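The values are calculated or read from the model by the stated rules, or taken from the named source; none is laboratory data. Please read these numbers as outputs of a predicted model, since none were measured by experiment. All Cβ positions, glycine included, derive from the backbone under ideal geometry; neighbour counts span all protein chains shown. Areas reflect the complete protein model, heavy atoms only, side chains present, ligands, DNA and RNA absent. Shrake-Rupley method; radii C 1.70, N 1.55, O 1.52, S 1.80 Å.
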Amino acid sequence: MQETIRLAGLVQERIGDILERHRDELAALGDDASALLDEAEQFLTGGKRFRAQFAVLGYRSVRELDLSDAVDGAADAVLDAACALEFFHAAALIHDDIIDRSDTRRGRPAAHRAFATLHAGERWAGASEHFGIAAAILLGDLLQSWADELMQSACAGAASPAAARAARAHFNRMRSEVAVGQYLDVLEEQQPAFAAHDEQLERSTRVLVYKSAKYSVEAPLLIGAALAGADEEHEQALRDYGLPIGVAFQLRDDLLGVFGDASVTGKPAGDDLVEGKRTVLVTLARENLPGTQRRIFDDLLGNDLEPEQVAILQRTIRESGAVERVEQMIGRNVERALSALQSSPARPDAGEALARLADRATRREF
């Protein structure tokens with residue numbers, strides 16, 4: 001736990017330094033740019049830092065890494081990669097909130113809502129909502145650009161030129177998969193009706209894997225390991241651990257998106273139901289509903305729901321047995337990952353830390 005706190009502190013400190021450097025570089029643009037940079041700082045403060053932790057442990061699974069004292073050399077490169085992942089994650093969340101028309105994120109207004117409020121408060125011309133969306137898109141783009149710069153810096157400190165190329169390839173693939181996974185999620189919500197159960201489950205699972213699961217765990221692990229010079233056997237062992245943990249992580253998020261406490265998740269309870277997310281949880285819930293109840297369920301999903309209607313959908317999902325089935329899926333994926341970890345070539349201390357992190361990432365409470 002002490003090491004996790006230390007890493008979170010180092011990442012936050014470096015993020016602060018990076019933002020301050022960019023603020024100085026952009027000073028010539030004038031005070032009007034301050035609101036954009038202030039929102040970047042707000043958005044990048046706090047968070048669980050799971051992706052940063054997995055990147056560090058990916059490196060440590062190959063080579064020893066000491067973050068307890070001064071940070072230089074290899075540690076410097078790994079921290080740049082960890083921060084690159086955090087910047088990319090922040091950009092993805094900002095864009096995701098626009099797509100989902102979300103009002104909140106981490107207990108505060110979503111970026112596009114914050115910019116819209118700024119516009120309204122200043123009584124500027126034009127539509128506040130449009131300004132909010134435009135500013136948030138640009139902020140996300142800016143954070144992606146800075147993530148790319150950080151990844152380039154990390155690669156400069158890789159174990160070898162080949163290691164740098166491998167790390168960059170993993171980072172590039174991650175970005176492509178997240179963008180296309182996000183598109184598949186948007187496309188799924190536009191379908192006039194659910195597909196047949198088996199097809200719908202496959203479609204929901206594909207979105208889960210490519211929009212979130214791979215980039216939450218597998219990609220950070222592979223980027224960290226690649227920087228350390230991991231070979232293909234080592235990377236495959238990390239995939240065998242990382243993908244099932246990423247799936248379990250997102251399945252837990254899907255449960256939180258329906259039943260989560262707003263004071264913990266930072267988003268309203270049942271937010272995924274209002275947004276009409278066709279998650280694995282929702283797909284499993286529909287499977288055993290009688291025809292009339294399923295039609296009512298489908299009609300409510302994705303609408304501007306009253307609290308009582310959210311409660312009806314929550315109760316329906318619980319009574320369907322879908323929550324227990326998703327919990328079982330989470331458990332099986334964690335078991336699969338831990339089994340892969342036992343036979344992996346990862347250094348013992350990193351393996352033990354990965355086992356602990358798997359538990360923390362997948363056992364978050366409602």
Open item on the list: Looking for something out of contact with any Asp or Glu (no Cβ under 8 Å at 6 or more places or on another chain) and of a type in the set (Lys, Arg) - is there at least one such residue anywhere in segment 89-104?
Closed with: no
Task: Close pairs from segment 26-40: first under 16 Å from ALA135 (Cα atoms) and in contact (Cβ under 8 Å) with a residue 60 or more places away in the chain, partner open to solvent by less than 40 Å² (accessible area, probe 1.4 Å) and among the aromatic types (Phe, Trp, Tyr), Cβ under 8 Å, at least 6 apart - done: ALA35/PHE115; GLU39/PHE115
Open item on the list: Among the residues that make up segment 164-171, is at least one of them without any contact (Cβ under 8 Å) to a residue 60 or more places away in the chain and open to solvent by 60 Å² or more (accessible area, probe 1.4 Å)?
Closed with: yes
- [ ] Inspect segment 43-58 for any residue being loosely packed, with under 15 Cβ neighbours inside 10 Å and either at pLDDT 95 or above or closer than 24 Å to GLY229 by Cβ (or both) and give the result as yes or no.
- [x] no
Task: Breaking point among (1) under 26 Å from ALA167 (Cβ atoms); (2) at pLDDT below 95; (3) among the hydrophobic types (A, V, I, L, M, F, W, C), for MET1 - done: (1)
Open item on the list: Would you confirm, using the coordinates I've provided, whether ALA213 is touching a Leu at 6+ places or on another chain (Cβ under 9 Å), within 24 Å of ALA358 (Cβ to Cβ), open to solvent by 10 Å² or more (accessible area, probe 1.4 Å) and small (Gly, Ala, Ser)?
Closed with: no
Open item on the list: Among the residues of segment 185-244, what is the count of those that are closer than 30 Å to ASP80 by Cα and part of a loop (DSSP other than H, G, I, E, B)?
Closed with: 4
Open item on the list: Yes or no: segment 343-362 includes at least one residue that is of a type outside the set (A, V, I, L, M, F, W, C), under 30 Å from GLU189 (Cβ atoms) and open to solvent by 30 Å² or more (accessible area, probe 1.4 Å).
Closed with: no
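With ALA92, ALA75 as the choices, which residue is surrounded by 20 or more Cβ atoms within 10 Å (Cβ to Cβ), hydrophobic (A, V, I, L, M, F, W, C) and in a helix (DSSP H, G or I)? Spell out the reasoning first.
Details: ALA75 fails: surrounded by 20 or more Cβ atoms within 10 Å (Cβ to Cβ).
Answer to the check: ALA92.
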Task: Residue that is nearest to GLU275 (Cα to Cα), among those in segment 95-114 that are in a helix (DSSP H, G or I), open to solvent by 10 Å² or more (accessible area, probe 1.4 Å) and touching a residue at least 60 places away in the same chain (Cβ under 8 Å) - done: ASP100
